[in-house]
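Take a look at the structure below.
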Amino acid sequence: MYVDFLYSFTLYYTVWRIANMDIIKVFGDNLKKYRTAMGISQEAFAEKCGMHRTYISAIECYRRSISLENIQRIADALGIETYELFLEEKADD
């Protein structure tokens with residue numbers, strides 16, 4: 001019984017981590033794409049949205065999760081709708 005629970009928990013946690021990492025990667029990739037399209041550095045962008053450069057760097061390198069409030073601040077600084085930061089680019093076939 002305990003082994004079944006442990007296996008189920010491990011499986012659930014693994015799936016959750018994979019799903020969670022995917023959204024963090026998509027967000028980080030999109031942030032970097034839009035920021036570089038604006039032609040500004042991480043430092044200039046961080047200042048524009050009232051954050052620290054190392055925080056922006058950590059997001060772009062998939063090392064940080066991010067609050068809803070900060071997602072909105074980033075989208076506002078980029079001049080885009082928040083949902084655009086979560087759209088995954090499709091690979092060309």
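The values are calculated or read from the model by the stated rules, or taken from the named source; none is laboratory data. Fair warning: this is a prediction, and the values are worked out from it, not measured in the lab. With ideal geometry, Cβ positions are generated from the backbone for all residues, glycine too; neighbour counts draw on all protein chains shown. Protein only, heavy atoms only, side chains kept; ligands, DNA and RNA dropped before computing areas. Shrake-Rupley method; radii C 1.70, N 1.55, O 1.52, S 1.80 Å.
Structure values in brief
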item: Residues of segment 43-93 classified as among the acidic types (D, E) and assigned to a helix (DSSP H, G or I), total; result: 6
item: Residue in segment 31-42 that is at pLDDT 95 or above, open to solvent by less than 50 Å² (accessible area, probe 1.4 Å) and among the aromatic types (F, W, Y) present; result: no
item: K48, sole failed condition from (1) more than 15 Å from F27 (Cα to Cα); (2) surrounded by 15 or more Cβ atoms within 10 Å (Cβ to Cβ); (3) within 15 Å of the chain's Cα centre (by Cα); result: (3)
item: Hits in segment 56-69 - residues which are open to solvent by less than 30 Å² (accessible area, probe 1.4 Å), touching a residue at least 12 places away in the same chain (Cβ under 8 Å) and more than 14 Å from F86 (Cα to Cα); result: I56, S57
